[in-house]
1. Name the one entry in Val577, Val604, Val595, Val522 that is crowded, with 21+ Cβ neighbours inside 10 Å and of a type in the set (Val, Ile, Thr).
2. Name, by its number, the condition in (1) of a type in the set (A, V, I, L, M); (2) over 18 Å from Val545 (Cα atoms); (3) in contact with a Cys (Cβ under 9 Å, 6 or more places away or on another chain) that does not hold for Val421.
3. Just checking: which of the helices (runs of 4 or more DSSP H) contained wholly in segment 522-608 hold 1 or more residues that are without any contact (Cβ under 8 Å) to a residue 40 or more places away in the chain, on the phi < 0 side of the Ramachandran plot and basic (Lys, Arg)?
4. May I ask you to verify whether Ala339 is closer than 24 Å to Arg414 by Cβ, modelled with pLDDT of 95 or more and not aromatic (Phe, Trp, Tyr)?
5. Within segment 134-158, take every residue that is among the aliphatic types (A, V, I, L, M) and under 27 Å from Ala297 (Cβ atoms) and give me the one that is surrounded by the fewest Cβ atoms within 10 Å (Cβ to Cβ).
6. Please enumerate the residues belonging to segment 502-519 that are out of contact with any Lys or Arg (no Cβ under 7 Å at 6 or more places or on another chain), outside any loop (DSSP other than H, G, I, E, B) and surrounded by fewer than 19 Cβ atoms within 10 Å (Cβ to Cβ).
7. Go through segment 351-382 and report how many residues are over 12 Å from Gln401 (Cα atoms), out of contact with any Ser or Thr (no Cβ under 9 Å at 6 or more places or on another chain) and either in a loop (DSSP other than H, G, I, E, B) or modelled with pLDDT under 95 (or both).
8. Are there any pairs with C-beta distances below 9 angstrom linking a residue in segment 347-361 that is loosely packed, with under 10 Cβ neighbours inside 10 Å to a residue that is assigned to a helix (DSSP H, G or I), with the two at least 6 apart or on different chains, and if so which?
Amino acid sequence: MDSATRAPRDAEDTRVVLDGRHLPLAGVVRLADAAAEPVVPREALARAHRSWRAAGRLAAAGRLYGRGTGVGAHRSVPVDSRDEAEHGLRLLRSHAGGAGAVLPARQIRAMLAVRANQLLAGGSGIQPAFVIALTEALRLGVHPAVNEYGGLGTGDLTALAQTGLTLIGERPWLNGTPAGAGRSRATAPPYGLPGGRDRGDGLGGPLTPGTLLEDTPADGVLPARGYRAAQTPPGPDRGTETGHRASPAARPEHRPGPAAQAPPRPGRAARAEPHPGDAAREVPLAGTGTAVPALPAPVVPQPGDALALLSSNALTLGQAALACHGLDVLLRATHAVAALSLAAVCGSLEAYDDRLHALRPYPGAARAAAEVRRLSGPPGPPHGTGDHRIQDPFGFRAFPQAHGPALQAADTLRHIVEVEVNCPSENPLISADGTTAYHHGGFYAAPLGLALDALDLAVLQTAQLSAARLAALGRPDLTGLPAFLAEGPPGSSGTMILEYTANSALAELRACATPASAGHAVLSHGLEEAASFASQAARQALRAVDAYATVLACELVVAVRALRRRARPPRTAAFAVAAAALPAGTEDRPLTADVTTATGILPVLAAL
């Protein structure tokens, strides 16, 4: 279902603006799906630059947590000012301890988009070179390797530490497409200048020539630029199974800090033309004639950069955005599927009457009822099978009441994600006027975790009714059709097995709906005595997308089969789309392909 709920490509909408203020959830999804490319307005980059300079002034005036001190239980352990840069490197290396499976590129790209936008909100104090490198990675179709386990809803520390080590060149980049893994990649000279020197333009911080600050378009929006480097051919460290190590700092025996590194040479780096949606473009490597994909230039880390990068739930937010988008598509498709099932059992629209729902003014229930009415089309001639029923089973009669809360829960989650991706959350947080550094708990993701749990629980409620409608479609007393819509010799099974398949997926959905927010942890010598577990809730919501899609697809297959048996199938757009896509055969046969096809057309039904 991951591919079925991807953002559609739109030739007229090939950019997503990252400005730290106005990134919508849909924009995160489009960047994750490489359906658009990121652009950064000049003022947003200037805001990040001012925050970086302010953090330097505040650090010079007094210690900042994580820069002049250790972190967690070591919060009171002072760090010598001459050791701050190396302290940041140690922080990245020590916190890059994630475990479990490497996450899919789509989820990691969502994280990169969220983190870049948050940093542009201007509270982190990080050098802007990191923002440029993050947007470069999105454009070029490369991403860091990030493991599944490590976050607890108090900051995605391991994921962002792994990302940080990739940005500075100590870990390899992965290509955006599986076929690209294992090939060497070219890099540009490093971003950033040792010692934090400023170019003097007041906009980009310590950037080398040829960065995204050049060639500013007339509209003031700066596209992140890809680089085609022509420097040294790949050596033993440059080509690995998982990508390319962009810096000799990756070697354990050679890991100089920023102060020990030579300044980057100002050699010219040609820019790659933007191609939205492409993976890393292949370019000639000088002197070899070999085509290699371009990479973001490694960032030279400065004091304070490490914790500024880590202080975020960017991975969890990216996953939440993808889950919210996927479930929203399915919830909208459910209106069409429920309308088809209602027609298949000759059900009544009485329970969907707008006057009825005006008496109990729940917005979600009223919307669900209105959508089923709209998608059902004008009432057709009675089939006779439903004439004797005073009221329909719960799966049909209580649909608005069960489905409405899921619609409202999706709206709530979307709002929370959009708040979080457009505001600074770092600890310490540099004030907008640059005069104060706040030490706070804004990274504690309770609102996000609770909203994710609420959506999973609400989706479970409506999915249970989907399974109930599927079972009803196999009952002759409700449809007037053969049991399980079977044809052929006596004892044929028809669609019987889809009840089992749907309930198997429903069991997975039920497990996903167990509230992650009920978890508890005490960490770092008791200093951190709670966690929101939003990270776990986000992973559960992603699994819920696949599970709910399967339940709904099973119902759709059976509803279309039932309606095809009618002398007068409904003349609705939903039936026309589904009937054109699904196989017409009714003999006993494997129905896996039918369910797969039905899953693929759910986004089409959602758009009706």
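The values are calculated or read from the model by the stated rules, or taken from the named source; none is laboratory data. Note that this is a predicted model, so its numbers are computed, not measured. All Cβ positions, even for glycine, are placed from backbone atoms using ideal geometry, and neighbour counts span all protein chains on display.
1. Sole residue among the options that is crowded, with 21+ Cβ neighbours inside 10 Å and of a type in the set (Val, Ile, Thr): Val595.
2. Val421 satisfies every listed condition except (3).
3. Those helices (runs of 4 or more DSSP H) span 534-564.
4. In short, no.
5. Residue satisfying both the conditions and the ranking: Ala145.
6. Once the filter is applied, which keeps residues that are out of contact with any Lys or Arg (no Cβ under 7 Å at 6 or more places or on another chain), outside any loop (DSSP other than H, G, I, E, B) and surrounded by fewer than 19 Cβ atoms within 10 Å (Cβ to Cβ), segment 502-519 yields Asn503, Ser504, Ala507, Arg510, Ala511, Ala518.
7. Residues that pass the stated criteria total 6.
8. Ala358/Ala366
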